[in-house]
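The values are calculated or read from the model by the stated rules, or taken from the named source; none is laboratory data. Fair warning: this is a prediction, and the values are worked out from it, not measured in the lab. Cβ placement follows ideal geometry from the backbone for every residue including glycine, while neighbour counts extend to all protein chains displayed. Note: accessible area is taken over every heavy atom of the protein model, side chains too, but ligands, DNA and RNA are not part of it. Shrake-Rupley method; radii C 1.70, N 1.55, O 1.52, S 1.80 Å.
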Amino acid sequence: MRTTLREKLESGELLQWTPQIEGDPCERMLFISAEINEEFDEDTWNDLSLAYRYAQLGADFDRYVTGDTIPVGMEPYGKGDNAFMARISPSEYGIWTIRSVAPKPAIRVFGAFCEQDLFVALITRRRADLGGPESREWAQAREAAIALWDNLFPGKPRLLGDNVGDFFSEKTIAV
């Protein structure tokens with residue numbers, strides 16, 4: 001998998017997220033799709049208020065990579081409102097979201113783990129556009145994330161597990 005990741009970095013299909021503040025530690029690895037990277041390009045925004053929104057999303061990405069203690073929801077329908085990352089239903093698909101909740105509009109970043117502490121962020125959706133947890137929009141976002149994974153990593157499985165320790169080496173709180 002590491003060889004494939006390196007190839008995707010070289011081709012520009014994935015980019016490695018590094019802390020925005022020079023000197024901050026990089027405790028976990030986060031790769032973002034080219035699509036997500038483009039969303040950070042201010043030339044693509046039709047609303048300048050997105051500058052603050054994407055700055056906060058970047059800070060959320062930093063929270064993950066710098067190794068901050070993060071609340072993790074292992075149960076798709078039984079997680080706390082403060083979950084920073086959460087598995088979505090069905091869990092056996094191995095799709096997670098980073099829940100960037102403030103400021104509005106809230107954003108969900110869909111992705112999957114390659115290995116412990118190594119997350120690939122694939123697509124984003126505004127939370128308001130997703131409807132309820134069993135909505136067609138949630139299913140479409142999940143399937144779009146799976147399709148992009150399969151395109152990037154043909155034949156490579158997403159990391160699955162039953163415990164938070166299967167995905168994170170340390171500094172998590174199950175919520």
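The largest accessible area among Tyr64, Tyr77 belongs to the first residue in Tyr77, Tyr64, and the rest follow in falling order (1.4 Å probe, all chains). Entry for the range 66-134 at q = 0.21 Å⁻¹: log10 I(q)/I(0) = -0.95, Debye formula applied to identical alpha-carbon scatterers, no solvent contribution.
Based on C-alpha pairs under 8 angstrom that are at least 6 apart in sequence, the range 1-80 has a relative contact order of 31 percent.
Please check which bits of the range 1-24 a label hung off Ala34 would reach, taking the label as a point 7 Å along Cα-to-C-beta and the cut-off as backbone N under 14 Å. It comes to 7-16, nothing else.
Couplings for the range 42-58, taken from phi via the Karplus curve 6.51 cos²θ - 1.76 cosθ + 1.60 with θ = phi - 60°, read 4, 5, 8, 8, 9, 9, 5, 5, 5, 4, 5, 4, 6, 5, 5, 4, x Hz in order; Gly and Pro are left as x.
The mean accessible area for residues of the chain, using a 1.4 Å probe and ignoring ligands and nucleic acids, is 50 Å² per residue. Note on the range 105-175: the C-alpha convex hull projects to 5.6 nm² when averaged across all orientations. Scalar couplings 3J(HN,Hα) for the range 15-28, obtained by applying the Karplus form with A = 6.51, B = -1.76, C = 1.60 to θ = phi - 60°, are 10, 8, 7, 10, x, 6, 9, 4, x, 5, x, 10, 8, 10 Hz; x denotes Gly and Pro.
Here's the list of lysines a cross-link from Lys79 could span, going by alpha-carbon distance under 30 Å and ignoring same-chain residues fewer than 8 apart: Lys104, Lys156, Lys171. Projected onto its three principal axes, the C-alpha set of the chain covers 41, 38, 31 Å, listed from the longest axis down.
State, as an integer percentage, the relative contact order of the range 67-175 based on alpha-carbon contacts under 8 Å between residues 6 or more apart. Relative contact order here is 29 percent. For the chain, the share of DSSP beta bridges that are antiparallel, to the nearest 5, is 70%. Probe radius 1.4 Å, ligands and nucleic acids ignored: give me the carbon and sulfur share of the accessible area of the chain as a rounded percent. On the chain, the fraction of accessible area on carbon and sulfur atoms equals 47 percent. Of the GluC sites (Glu not before Pro) found in the range 67-168, those that fall in a DSSP loop while having at most 12 other beta-carbon atoms within 10 Å are Glu134.
Between Val72, Val120, Val164, which gets the highest mean-square fluctuation from a Gaussian network model of the chain, Cα cutoff 10 Å? Most flexible of the set in this elastic network: Val164.
Along the range 72-79 the Karplus relation, 6.51 cos²θ - 1.76 cosθ + 1.60 evaluated at θ = phi - 60°, assigns HN-Hα couplings of 10, x, 7, 9, x, 10, x, 9 Hz to successive residues, with x for each Gly and Pro. With the convex hull of the Cα atoms taken as the outline of the range 44-84, the averaged projected area works out to 4.2 nm².
Near the amide H of Ile70, within less than 5 Å, lie the amide hydrogens of Thr172, Ile173, all on another chain or at least 5 residues away, with H placed in the peptide plane. Rounded to the nearest 10 square angstrom, Tyr93 shows an accessible area of 90 square angstrom against a 1.4 Å probe.
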